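Have a look at the structure below before the remarks.
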Amino acid sequence: MNTVEKSAAADYVAAIRRELADLQEDELAEIIDDLTDHLEQVSEELGGEPTVAQLQARLGSAHDYAAELRAAAGLGEARAEASGDARLRLRRFVTWVMVAAAAFALLGGLTFVVLGYTWVSALAPYALLSVGAVLVIWLIATVGRDPVASLRDLPVVAFGERRIGQALSGLRRSAWGAATVEFVASLRPAWWLVRAWAVTQVVTVLVFDVPDNFGLPLPREPLAIVVLVLAVVASVWLGRRTSGGAVRGWPRLGVMVLNTVLVVATPLIAASAADGAGWRYWESEPPALVGCPPGAIVVDATCVGTEVPRLDGLTVGDARDQLDLLRLEARIVPGDASEDWTVTRQDPAPGEMVMPGGEVSLLVETCPDGFDGQYPDCEPLIEVIDVIGVPLGHASDLLQSHGFSVEVDLQAGNADGVVLRQEPQPGAHLVTGGVVKLTVEAVPADEDVDGS
Amino acid sequence: MDTSQLLKGVLDLAVLAVLKTSDGYGYDVVRRLRGAGLTEVGDASVYGTLRRLYRTGALTTYVVPSEEGPHRKYYGLNDAGRELLDESTKTWQSFADILSGLLDGEIREIA
């Protein structure tokens, strides 16, 4: 019965079905079954693929056939179409909503596979759920014993089925087409395995909350393996029963729905698993994968940051180099510290995490407070005092009393002048004995010197 | 005279008679009826009659799977069906006799 060519004969049957739509579902289903059988034999009689005209010549118009059948079977006149019509409209509406939801879900899934955006992947389960919900509504609206036939009767599905059927029969007629179609059909057992795997992935994540990448292609967790084996057995059993034709009515519809949902969902599932990030996409914020430098800590392809190394005890130069490698910013305090001074304190502390590009402050001293030989080469750092505007002699005394050496640039001025510029600037740090260069203002020889 | 009217009246009997010879499926019964000379019989009428007779309990039905794929639904007479056939046959005979008698009388009158 399921091998009737999708053609004029199928249309004829569908037309009669519509004429008899007011009958009880069970009765109607049996009648249509018999009718389909009969049409097949009549088609053979008429040479294989009769046209509508041929069928009508042989059997009468669909309307007449239905009327004659009614009369002979004692089924009574067709009842008022009102209720049947409303139901049909409801079914049509729900079908379109279902199609829209399914298209939305499929589109979301494909976008996810191609572009990997997390917000889409968050939408995908809801899209699938919405398809499921709409399907449930439709099923409630079309209570009957043969939901598969009801489904086939819907305009969208009937149209699609006819087109696909025509395409397939056209394909079968070409030399390579037949072989191809047969090959694809022979892949059905492979599909049983694939859908078992997909179901396993979903189940282990939702039910057992296995957080990590539980394995592509096969799960590593023992529990997940058990689920996989069970799923494979169930799927193969179901597949064999379905293809053997033993599954009808509601169970058949259930299998069709399951297959549809899984066909849409499997690319999503496979993409997730293959990504190595596993199912974290479904649960949490997207990982920042950009610019994860070497040495950074990567957890499940997530860049969770860089561990700050121990930098105290190193010279400024070495510390800078290390931080550069890790793509971290160094902030040296004081800013004018020379490269061979020693880092004595760091913030954040060694072992703490900093995101790539983050800042690490390094306090540099040549001798920290409480130095006790920990930093062998450190020397005391002294802040340079401000001697600008101070007469040279006085300035020199001050600087020397602080432990600095003084160099005077006398080319423009004379020994009685005031300090115009000092180098390094006031506030800078120098080691003991460090040199402060003074530039003295030029003073005319005959001017009185202030102060002194 | 419109044979289809006659046919409607006796189709039950014809179908029962065909099934008495051997069980059959829908298409097969149509073929046999046409082969016997009832060329006007409609497929829908035969199917409808089979269903109605089954519903009234005159027929049994069973499915025979075939190698080409589709399974055929066979109808056959049960005891009630055989009884019905006998009664209908008697009715038909007496009706035919009465009608023959009427026709004979008429012909005699005309003659």
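The values are calculated or read from the model by the stated rules, or taken from the named source; none is laboratory data. What you see is a predicted model, and the numbers here were worked out from it, not measured in a lab. A quick note on method: Cβ atoms are made from the backbone with ideal geometry, for glycine too, and the neighbour counts reach across all protein chains shown. Note: areas computed on protein heavy atoms with side chains; ligands, DNA, RNA excluded. Shrake-Rupley method; radii C 1.70, N 1.55, O 1.52, S 1.80 Å.
Taking the Cα centre of segment B:33-111 as origin and assigning +1 to Lys and Arg Cβ atoms and -1 to Asp and Glu Cβ atoms, the resulting dipole is close to 400 debye. In sequence order, segment B:11-21 has phi-based couplings of 4, 4, 4, 4, 5, 4, 4, 4, 6, 5, 4 Hz under the Karplus curve 6.51 cos²θ - 1.76 cosθ + 1.60, θ = phi - 60°, and Gly or Pro positions carry x.
Taking only the C-alpha atoms of segment B:1-93, the Rg (one decimal) and the largest Cα-Cα distance, Dmax (whole number), read 13.3, 45 Å.
Interface residues of segment B:7-27, defined as a loss of at least 40 Å² in heavy-atom accessible area between the chain alone and the complex of all protein chains with a 1.4 Å probe, are B:27. Would you please give the residues with an amide H less than 5 Å from that of residue A:407, counting only those at least 5 places away or on a separate chain, with H modeled from the backbone geometry? Those lying under 5 Å, H to H, from residue A:407 are A:436, A:437, A:438. Contact order, relative form, for segment A:314-358: 54 percent (alpha carbon pairs under 8 Å, 6 or more residues apart, mean separation divided by residue count). For B:104, A:340, the ranking by accessible surface with the largest value first comes to A:340, B:104, using a 1.4 Å probe. Residue A:192 sits among other residues whose Cβ lies under 15 Å from its own Cβ, and their net charge, with Lys and Arg +1 and Asp and Glu -1, is +4. Placing a label point 7 Å from the Cα of residue A:236 along the Cα-to-Cβ direction, the residues of segment A:163-191 with a backbone N closer than 18 Å are A:186-191. Chain B packed on chain A takes about 1800 Å² of accessible surface away from a 1.4 Å probe, both sides summed. Anything losing 30 Å² or more of accessible area from the isolated chain to the full protein assembly: pick those residues out of segment A:31-47, probe 1.4 Å, ligands and DNA/RNA ignored. The answer is A:34, A:37, A:38, A:41 - residues whose exposure falls by at least 30 Å² when every protein chain is included. A probe of 1.4 angstrom, applied to the heavy atoms of all protein chains, finds residue A:394 with accessible area near 110 square angstrom.
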